[in-house]
Every structure is written in structure tokens, then in C-alpha cells.
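The structure appears right after this line, and notes come after that.
The values are calculated or read from the model by the stated rules, or taken from the named source; none is laboratory data. No experiment lies behind these values; they were computed from the predicted model shown. Reconstructed Cβ throughout: ideal geometry from the backbone, glycine too, with neighbour counts over all protein chains shown.
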Amino acid sequence: MAEGATPPLLAVVGRKHAGKTTLVARLSAELTRRGHRVMTLKHGSHTFNLDPAATDTYRHYHEGNAERVAMASPDKFALVMRWERELAPEEIAARYLADADLVLCEGFKGSAIPKVEIHRPEAHEAPLWEPALPNAASWQAMVTNAAVSGFVGERFDLGTPDWLDALTDWVERHHLNRDGR
């Protein structure tokens, strides 16, 4: 894929088991339902395998030590490649996801990407966000059913039935490509 302009990125962050994946999936589905081209990027802190041991592509990559392995089927395409350094989410988006209206990122809490944090006090006492973080200003919104002292960004109350619609409206206004899509 040819590298293009970096599409808008919005990171969904939160502590373990806070609901990040669920939020990314629900927000992506709603934005897609509204006609937007959404792509996602998941950050992992450990290596991963997309296919189990003993598959042909696993063997190409692990036994054959191929630099890149692509798997193509009638309805999907996957590419696994080795790299010498981890690319920043902006670089990955520009290289592989440039035609998105929005790239929803799960994780990348240490980045400067604009962030929405999901915080559920029943899962964790405190959110990740705190004013002393070097990138605290990148937190733009909080999806929570708790008060977060000192947070001045948008707040979407998980206790209300329309929180997802309100969040999606906000994302459309503040984070979608400005070219009419």
C-alpha cells in the first residue's frame, strides 16, 4: 500500500478490563452505520500470532523466516511483517489506513493522539488520566459513570441510555475528516 496522508486518529484508552475493546467495537459500528469509513488499530504490548502453529502461514513466517507473509482469501487479506522498530500509530495509519475517515486506536496511552478514556469505577478505583501526566492534555473525553475530579474535557455518562449516540455525535463533530465524509 502506498503511504498517504495521515487520517484522523482517536485513541480509546483505559485500564485493563475497563471496556476498551467493547467501546471501540460499538463506536466503530455506530460510525459505520452513519456512513463513515472507520478503521481500527490495536496496540499490543507483547508479540502476537494471527494464525495458530502448524498452519502454512505460520510456517512461512516462523520456519521460513519470511520478512512478510500475506494471507489472501475471497473475503479477507492479512499481512504480518517483521520490523526493526515499532512504528508510531500515525506512521501505521499513513502507510496502511490512509483512506479511512477515522482510525480508532485501542491503546497508545503514552502517545499524543487525542484520547477518549473509558473508566468504570466498579472495575478500577481511578482512571488512567491524571493532571500530572506529560500528555494529559491529549485526553479529550471520558466515558464513565463516575465523577473525575479536575477533568475538563467532555464527559459521557455510562448511566444514561443515549451515551453512545452522544459520543458518536461528538466524534463526528471533532474528529472526522473535514472533506464532507
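Checking the conditions here, which among 93, 66 is at pLDDT 85 or above and in contact with a helix residue (DSSP H, G or I) (Cβ under 6 Å, 6 or more places away or on another chain)? Write out each step before concluding.
On the way: 93 fails: in contact with a helix residue (DSSP H, G or I) (Cβ under 6 Å, 6 or more places away or on another chain).
Going through 93, 66 in turn, the sole match is 66.
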Looking at (1) in contact (Cβ under 8 Å) with a residue 60 or more places away in the chain; (2) part of a helix (DSSP H, G or I), which one does residue 143 not meet, given that it meets all the others? (2)
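May I ask you to verify whether residue 50 is in contact with a strand residue (DSSP E or B) (Cβ under 9 Å, 6 or more places away or on another chain), at pLDDT 95 or above and at negative phi? Before the answer, list the steps.
Values: in contact with a strand residue (DSSP E or B) (Cβ under 9 Å, 6 or more places away or on another chain): yes; at pLDDT 95 or above: no; at negative phi: yes.
Against the criterion (in contact with a strand residue (DSSP E or B) (Cβ under 9 Å, 6 or more places away or on another chain), at pLDDT 95 or above and at negative phi), residue 50 does not qualify.
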Do we find that residue 173 is out of contact with any His (no Cβ under 8 Å at 6 or more places or on another chain) and over 15 Å from residue 10 (Cα atoms) in this structure? no
Can you spot a residue in segment 146-161 that is more than 20 Å from the chain's Cα centre (by Cα) and within 14 Å of residue 23 (Cα to Cα)? yes
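Here are some residues: 79, 87. Which one is surrounded by fewer than 16 Cβ atoms within 10 Å (Cβ to Cβ) and in contact with a strand residue (DSSP E or B) (Cβ under 6 Å, 6 or more places away or on another chain)?
Details: 87 fails: in contact with a strand residue (DSSP E or B) (Cβ under 6 Å, 6 or more places away or on another chain).
That would be 79, the only listed residue that is surrounded by fewer than 16 Cβ atoms within 10 Å (Cβ to Cβ) and in contact with a strand residue (DSSP E or B) (Cβ under 6 Å, 6 or more places away or on another chain).
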